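Nothing in this text is a laboratory measurement; each read-out follows from the coordinates by a stated rule. Quantities reported herein were computed from a predicted structural model and do not represent experimental measurements. Ideal geometry is used to build each Cβ from the backbone, glycine not excepted, and the neighbour counts take in all protein chains shown.
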Amino acid sequence: MFAMSLSSYLRENLIDLIKRIRRPKTEEEWFIAIGGSLILFIILMTIFASFISPYDPTIPSGGSYQPPSWEHPMGTDKYGRDMLSRIIWGGRIPLAIGLVATIFSFAVGVPLGLISGYIGGALDRILSLVMDSIYSFPGLILAIALAALLGPSIMNVTLAIAVIYVPTFFRVVRGQVLSIKEELYVTAAIAIGANKWTVMGKYVFPNTIPNIVIVFSLSIADAILTEAGLSFLGLGPVIPPTPDWAYDLQKWYGVAVSQGYWWLAFWPGFFIMLAVLGFSMFGEGLNEKLNPLLREK
Amino acid sequence: MGSIRRYIVVRLLTAIPMLFILLTTIFIVLRLLPGDPISAMYGGKIPEEYAERLRHQLGLDQPIHIQYINYLWQLFRGDFGTSTYTKRPIAREILERFPATLELTIYGLIIALLIGIIFGSISAHKRGSKIDRVIRTYSIVAYSLFIPWFGAMLQYFFGVYLHVLPVGNRLDATISPPPTVTGLYTIDSLLAGDFYAFSSAIRHIILPSFVLGIVLSGIFVRITRENMIVVLKKDFINFARARGIRENRILWSHALKNSMIPIITIFGLQFALQLAGAILTETTFSWPGLGTYLKLRIEYRDYPAVQGVIVVYALLVILVSLIVDIIYAMIDPRIRY
Amino acid sequence: MKNIHEVFFLKTSYLVGIIIVIIIVIGGLVLFLMPAPKAKDTIVIGTTDKVISLDPAEAYDYLSVNVIQNVMDGLLRYKPGTTELEPALAESYTVSDDGLVYTFNIRQGVTFHDGSPLNATVVKWSIDRAIAMNGDPAFLLSEVVNRTEVTGDYQIKIYLKYPFSAFPSILAFTVAYPVTPTAYTTDEFMTDNIVGTGPFKLAEFIRDQKIVLERYDNYWDSNYLPKVKRVIIQFYSTSTALKNALDAGEIDIAYRTLTPEDINSYIANNGTNFIILEAPSPVIRYLVINVNRVADVRVRQAIACAINRTKIVEEVFLGQAENLYSMVPRGMWSHIDAFLEKWGETNITKAIELLQEAGYSETNKLEIDLWYTPTHYGPTEDEVAEAIKTSLEATGLITVNIQNAEWAQYRENWRNGVMDMFLLGWYPDYLDPDDYLFPFLHSSGAASLGSFYNDSTMDQLLENARKTSDIDERTDLYEQVQEKLAEDVPYIPLWQAKQYVVYKKGIVGVILDATQIFRYYTIYWSESASSLASLVTIGTYSETKIE
């Protein structure tokens, strides 16, 4: 691998990638394609919610507990609010929290990983120990404790989730850095006289980007699941009547099971799964592509 | 190359600071919890002086560093404190509920491992085929399932629509739990020869363990597949084949053994995930284990209990990863200090 | 020569085959061994409540108290189906003229489940113990009782700190129940076991799973000897699981708490497989307004006018509650529909008028925070908050911000006076208007209940009502209190819940009581096929008589 400037590197690989995905041939490319499409679908649905939503999701527009019909393809809830509209609008919070939390984790984990991996020594050992401790701990439980501590608000839940994924970014970046560090072009750069920060920023970091993207995607998937879990356990940030997939699921699943109003629980959970699936497939596919199990030598 | 003994010692030493960090973090996080634990239960009827007295009894009015030292000291002695909600020793409450979680986790794991190893291996052996694609898709979908949703769907179908399976608890109301040997109702009832209890226990554990198992199987399928593929292509397999060893033996002693090791390791690392999954499963199925306990106690701001559960989780995680690492080291002679 | 893949598949097929065989065997066993139908001498009750502690000196949550009421007796008790007090372990009692000394004559020949005797010494010991151990409900005694004195083998005198005409009702609450020194100590609470004089004794208690009670054949009161031999109470953590267990036949009776939707479906099919009973419950729900934060009484009055109780009752609870117009529940003596009389049902015009008087307009809207707690009162609180928001904002002059906090934080908040107005509930300790009014409106209590209301006239009225034992005098005083409440509006009563019990056809003797004491000893299986097929309302309030 040769040293490249950041922009040309991105240009070359991205274009190549996009070309491949438009006509997926291998399994991995299929995963990336499907995953990417799901992500796109959900993001577009969320962004253009006000245009495509047939009704206002917070206002009654039909009878109570109506099963799916032409006017209400996904039925209505206890207050006659249209479920389809609630689904369309319901992705905002999980996606927003998932995205922002992961960005936070990225912003903290990546620089720490870079520095720790590159500089090494005592700093590296201590940071690694701390990160390993957090990493090995069940994420949901940590999130529960933090969310309970900080109180249920969107900002706090985001923060609680962000903490969980910092070690993931840290580890991946650090691992990458450790292997890249030994590459010839890095030694060359140092020999020329480039200082630590230039080396890290211009040479090491760009090569970690592909893996960061993968971790990013997978973390968003996990973050959405964690946020849904928190909502389900009653520690969610939603104040009614704001639509939110996990909140609706938690609110109605009891009635759905005991009275058979399946549409109230099925759709919110299904869309949570779709979102998670999208990001997971995308990340997994990318992972297979960029880090294939066996390079045919 | 050092001896296995040295590895164990060093590994243990590493575990201690980790434990310490975790415990301290837990303490800090929970002590900052807003909400007076004393107030949690009452409907605004307790006069202030009595609340004060209770607070004093629990040592909640001491300066924070004294609380910290007491906390560590008590944990060391195995005293997890007293619940502010039920006023009972927490260690006892946790021990009461631990077998339930253990039982659920074990059956969930069995299902997950069976599905994971079988499908993962099939996928690896048939790499590149349609079956492989289906199984890989299954694995990602399984992992993306939201447990409460999946559980609720099954509860509706089997519990309400078909009325064949119960949707909560561990035993029928009229059946007494079997005498405690392991704490696992399924085992204990067999040991006691109480087949009615056995039947009841099985019927109650089917759905929750199935839900947990399927979700966990997603990861296990993937890991098994990855490791098996790598191992199958490894040189030593070819060498063994070249030396004329029967395929049968190659499969068992070389391929399987070598791929099992990483699986065991990952199982250990994923243990944390299993604990988290168990919480959601328990709350969905009214399973009286640690997960439900944790959720309820958080609501009541029962600090000591919440802290106790989290500490237990932390201990379990560290313990399991320790054991796994040691097993790994015992099998693979390259891992030594 | 097979290759490795073929070998693998061969082995795997074997494995899968073995697994399938195991599943079939276990499945067969399981299906074959479904639990046998229960004998008719057992009743299984399902509930979503939990038992926290079985020690009467400590128990303060609904189910713990209820179980104790079936396993133990007090000096006095409520007559089943009424709110009248009648003698229990005390055969009779007298009150001194100044209202400070109560003398009780203890029933003779009563033994505890372990054989130890009941006498005045034991009663004194029990009351002293409850006060000394200072559990959650202890204040009910310690605030009122000065000291106790044994004046005969079967006679005890209790000296009060001040005249308190509702004292007998306190004795009907579990904190005052006699316990035997042979089983109980003053060092620690006995949370998991219980020894009493009552119609049932404890057979088994598995935390968070179930309680098993057995008939005590030597019960002193043959009128209430249980008709079945065993009662099992099974705990469920969700209403869904409870309903499912009932439908599947796992339990015979479901009491507390099913969702409004489930209750409606049982009502619709009443008499087919299940019977459902409905009765008023003594639980009141209300809005607390912090009079320091919402200082202008006209604003509070405006809110009282704009509130739409019917909306809450109909939409959130599907009709399974009743509008409440006073802090004293309907059915309790001295109750008047104070808020209805003063402000009418829902009067938006008047609300607007009052708000404008207070200086608010379309451009200068009143901004107010409304808080609720998401789980403590069940899962419907957020819907209640939404409904209130809608009805208040219908004036066009109010903007409501909904907030929530988990129970512990909620309690902190109200004690620190952080919330403008918030939803709260009250379940009585003793059935007397005093318990519904004094803690809220007297300056000594109003701060700890979040309103910070402080009015000397109100204080005087309440204190006077405590001093006299004359029902008519007290009624008159309490009516004045309620009228003033509607005028000053530190609280707005919203609704009074109804209680429901659902049980299998063939069971008889289920009584829903206004006191919400659920008595297991009246229930049994009937030989004849079916019974009531319509909603029966039982247990209306009657006057609390004093002998």
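Tabulated data
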quantity: Cα-Cα P(r), the stretch C:268-362, percent of pairs per 5 Å interval; calculated: 2, 11, 16, 19, 17, 12, 9, 5, 3, 2, 2, 0
quantity: For chain C, average projected area of the Cα convex hull in nm²; calculated: 34.0
quantity: Normalised alpha carbon radius of gyration of the stretch C:342-439 [divisor 2.2 N^0.38 Å]; calculated: 1.26
quantity: Two-decimal Rg/Rh across the stretch A:227-297, once Rg and the Kirkwood Rh are taken from alpha-carbon atoms; calculated: 1.23
quantity: Interchain or long-range residues, amide H under 5 Å from C:Met327's placed H; calculated: none
quantity: Hydrodynamic radius by Kirkwood, which averages 1/r over all alpha carbon pairs of the stretch A:92-166, in angstrom; calculated: 13.1
quantity: Rg over Rh, two decimals, the stretch C:143-301 (C-alpha only, Kirkwood Rh); calculated: 1.07
quantity: Cα-Cα pairs of the stretch C:281-496 separated by more than 27 Å (percent); calculated: 27
quantity: Extreme residue, positive dipole direction of chain A, given options A:Pro268, A:Phe106, A:Ser69 (C-beta unit charges); calculated: A:Phe106
quantity: Amide H partners (placed H, <5 Å) of C:Phe112, local residues excluded; calculated: C:Leu118
quantity: Percent of alpha-carbon pairs separated by more than 19 Å within the stretch B:100-226; calculated: 55
quantity: Reachable aspartates and glutamates from C:Lys201, criterion Cα separation under 15 angstrom, eight or more residues apart if same chain; calculated: C:Asp55, C:Asp73, C:Asp114, C:Asp192, C:Glu214, C:Asp217, C:Asp221
quantity: Distance violations [Cα-Cα > 28 Å] among C:Lys124/C:Lys210; C:Lys79/C:Lys124; A:Lys251/C:Lys40; A:Lys78/C:Lys342; calculated: C:Lys124/C:Lys210; A:Lys251/C:Lys40; A:Lys78/C:Lys342
quantity: Distance from the stretch C:96-141 to the stretch C:382-441 (C-alpha centre basis), Å; calculated: 37
quantity: Alpha-carbon centroids, the stretch B:285-321 and the stretch A:111-187: separation in whole Å; calculated: 24
quantity: Assigned charges on the beta-carbon of Lys, Arg, Asp, Glu; the stretch C:38-197 dipole about Cα centre (debye); calculated: 280
quantity: Selected from C:Gly198, A:Ala122, C:Ile398, residue furthest toward positive end of dipole (the protein assembly as shown; charges at beta carbon); calculated: A:Ala122
quantity: Rg in Å to one decimal, and Dmax rounded to a whole Å, for the protein assembly as shown via C-alpha atoms; calculated: 32.9, 110
quantity: Three semi-axes of the equivalent ellipsoid, chain A, Cα gyration tensor, whole Å, largest first; calculated: 42, 23, 14
quantity: √(5λ) per eigenvalue of the Cα gyration tensor, the stretch C:383-525, largest first, Å; calculated: 31, 26, 15
quantity: The stretch C:197-265 versus the stretch B:136-172: alpha-carbon centroid distance in Å; calculated: 28
quantity: For the protein assembly as shown, size of Cβ-based charge dipole, Lys and Arg +1, Asp and Glu -1, in debye; calculated: 6900
quantity: Debye log10 I(q)/I(0) for the stretch A:141-297, one point scatterer per Cα, at q = 0.10, 0.14, 0.16 Å⁻¹; calculated: -0.53, -0.83, -0.96
quantity: Percent of Cα-Cα distances greater than 20 Å, calculated over the stretch B:262-322; calculated: 31
quantity: Size of charge dipole - the stretch C:281-496 - debye, nearest 20, with Cβ of Lys, Arg +1 and Asp, Glu -1, no other charges; calculated: 320
quantity: Principal semi-axes in Å for the stretch A:93-232 [√(5λ), Cα gyration tensor, largest first]; calculated: 32, 15, 11
quantity: Shielding by other protein chains, A:248-254, mean Cβ within 10 Å; calculated: 5
quantity: Positive-end residue of C:Asn66, B:Ala100, A:Phe41, charge dipole of the protein assembly as shown with Cβ unit charges; calculated: A:Phe41
